[in-house]
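Written out below as structure tokens is the structure these notes cover.
The values are calculated or read from the model by the stated rules, or taken from the named source; none is laboratory data. All values derive from a computational prediction rather than experimental measurement. Positions of Cβ are generated from backbone atoms using ideal geometry, with glycine treated the same way; all protein chains shown enter the neighbour counts. With ligands, DNA and RNA removed, areas are computed over all heavy atoms of the protein, side chains included. Shrake-Rupley method; radii C 1.70, N 1.55, O 1.52, S 1.80 Å.
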Amino acid sequence: MQEFDIETLAVRAGYDQTGEQENSEAIFPTSSFRYHSAAQAAARFSGEEKGNVYSRFTNPTVRAFENRLALMEGGEACVATASGMSAILSTFMGLLQSGDHVVSSQSIFGTTKVLFNKYLSKFGVEVTFVSQTQSSEWAEAIQPNTKALFLETPSNPLTEVADLEAISKIAKDNDCVLIVDNCFCTPILQRPLEQGADIVIHSATKFLDGQGRAIGGAVIGSSELIEEPVRGFMRTAGPTMSPFNAWIFLKGLETLSVRMEAHCQRAFELASWLTDHPAVEQVFYPGLESHPQYELAAKQQSAGGGLVSFRVKGFQDQAWSVIDSTKMLSITANLGDVKTSITHPATTTHSRVDPQERLQAGITDNLIRISVGLESIEDIKKDLARGLDRLI
Ligand SMILES: *Cc1c(COP(=O)(O)O)cnc(C)c1O
């Protein structure tokens, strides 16, 4: 299937039709598999014969999702996991050991930061946080024991873009793996493996599902990095994706390219409209020419993505009043959904971050984040105008 374009892969790749000749992919909700004989069971357990054994690590529906996503990201192998967080955990547990060091962007998903600071640290893995946008800081933070570099681009919520070419060169020069959380762009907009990354992480919960129905994750890369280390950990520790969820994500992938196109188109229109609104102080969207890294974003991503953040003129009260004046938008921290969501990062997604650090990172109290869904853009604007117009 490799010769097909990504839109075709998203619809058709990775699944072997059963003898029932179904056109839509079947779900296999079975915990174990039956063998023809004792000898076959022995061969499956020893790995001599390839095939299903037990759904903690082999399930046809989960495998179809893994195969499809691996092809879409341009990786050799993919492990599906129970959540985006367990994808990150499985990657680090599989690849690192006590005494290893990681350099990470400071602009990463809050829970990933907690995983690093509170849990990986307990097992002797130390993480140094550096600027998302100053590539020189990455090189300076490398130590003899540095094994991995970690980032998401664009970042949440300020959409800062990390330079994949520069940072992947630093990783290669220092024998480290570069791990990129590609949750915001999805392989439709950005394929980090083609731009020098070694591993791609997904929270399938977001755009891959796209309709806010299920929690899941994935890790993609070369067979060498994925099969033994990451799948080995997942198989043993058990943060497995369920076949039901795998089926939802498989169906989500089928519409991903048209959804991403529609998310990006609406997000661009919203970002432009917000830029011209007198109650708005600043807009953050990589697809706007006013974005400080517009050119880098244009080089790495085929469009700006579905997330737009902006500062209202004023403080927390003004930001909250815009949020509370909406009647249609969902006040929720989830993103990547067909339903547009609105969030106040300082008091939700980033509330666990030290206030001083939060301000330094630009998460001010007047900042609002929108994950632009697929409703009419005019209705989205009207819903935001209710609160914004009152601030003028
Ligand atoms: C949501 C998210 C995660 C965590 O994924 P879950 O599926 O919620 O565990 C990781 N990284 C990013 C960028 C996210 O947005």
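Observations on the structure shown:
- Residue by residue, the stretch 11-16 carries 3J(HN,Hα) couplings of 8, 10, 7, x, 10, 9 Hz when phi is fed to the Karplus relation 6.51 cos²θ - 1.76 cosθ + 1.60 (θ = phi - 60°); x denotes Gly or Pro.
- The stretch 6-254, dipole about Cα centre (Lys/Arg Cβ +1, Asp/Glu Cβ -1), debye to the nearest 20: 840
- Ligands, DNA and RNA left out, the 1.4 Å accessible surface of the chain is 50% carbon and sulfur atoms.
- Debye-sum result for the stretch 171-227 in log10 I(q)/I(0), which assumes one identical scatterer on each alpha carbon, at q = 0.15 Å⁻¹: -0.46
- Inter-site label distance for residue 117 and residue 251 at 7 Å from Cα along Cβ, in nm: 4.0
- Accessible area (Å², per residue) of the stretch 257-391, counting only protein heavy atoms and a probe of 1.4 Å: 46
- At an R0 of 35 angstrom, the distance between the Cβ atoms of residue 299 and residue 21 translates into a FRET efficiency of 0.20.
- Among 198, 209, 276, the largest mean-square fluctuation in a Gaussian network model of the chain, built with springs joining Cα atoms closer than 10 Å, belongs to 276.
- Placed amide H near residue 183: partners under 5 Å, 5+ positions off or other chain: 203
- Considering only the chain, percent of DSSP beta bridges that pair antiparallel, nearest 5: 55
- Taking the charge dipole of the chain about its Cα centre, with +1 at Lys and Arg Cβ atoms and -1 at Asp and Glu Cβ atoms, the residue from 154, 249, 189 reaching farthest to the positive side is 249.
- The loop-placed trypsin sites (Lys or Arg not before Pro) in the stretch 1-106, going by DSSP, that have at most 14 neighbouring Cβ atoms within 10 Å of their Cβ come out as 34, 50.
- In the chain, Cα pairs under 8 Å separated by at least six residues give a relative contact order of 17 percent.
- Using the rule -39500 (n - 2.57) for each DSSP H run of four or more residues, divided by the residues of the chain, the 222 nm mean residue ellipticity is -10500 deg cm²/dmol.
- Taken per residue, the accessible surface of the stretch 6-254 reaches 41 Å², heavy atoms only and a 1.4 Å probe.
- Mean separation of Cα pairs under 8 Å and 6 or more residues apart, divided by the residue count, gives the stretch 257-391 a relative contact order of 29 percent.
- When both the stretch 29-86 and the stretch 224-269 are represented by their alpha-carbon centers, they are found 15 Å apart.
- Scanning the chain for DSSP H helices at least 27 Å long along the axis (C-alpha atoms) with a Kyte-Doolittle mean no lower than 1.0 picks out nothing.
- Restraint check, 299/381; 122/299; 118/251; 113/251; 172/299, Cα-Cα greater than 27 Å: 299/381; 122/299; 118/251; 113/251
- Vicinal HN-Hα couplings computed from phi for the stretch 208-218 (Karplus, 6.51 cos²θ - 1.76 cosθ + 1.60; Hz; Gly/Pro x): 4, 5, x, 10, x, 9, 8, 9, x, x, 7
- Of the residues 326, 343, 30, the one that moves most in a GNM of the chain with alpha-carbon contacts below 10 Å is 30.
- Per-residue 3J(HN,Hα) values for the stretch 25-31, derived from phi via the Karplus relation 6.51 cos²θ - 1.76 cosθ + 1.60 with θ = phi - 60°, read 4, 7, 9, 10, x, 9, 7 Hz in sequence order (x marks Gly and Pro).
- Amide H contacts of residue 160 (H built 1.01 Å from N, under 5 Å, at least 5 apart or other chain): 155
- Note on residue 382: lysines with a C-alpha under 26 Å away, same-chain residues under 8 apart excluded, are 206, 313, 327, 339.
- Convex hull projection area averaged over all views, the stretch 67-130, Cα basis, nm²: 5.0
- Longest DSSP-loop-exposure-free segment, GluC sites (Glu not before Pro), the chain, at most 16 other Cβ within 10 Å: 77-288
- Measuring how big the stretch 6-254 is from its alpha-carbon positions, Rg and Dmax come out at 18.4, 60 Å.
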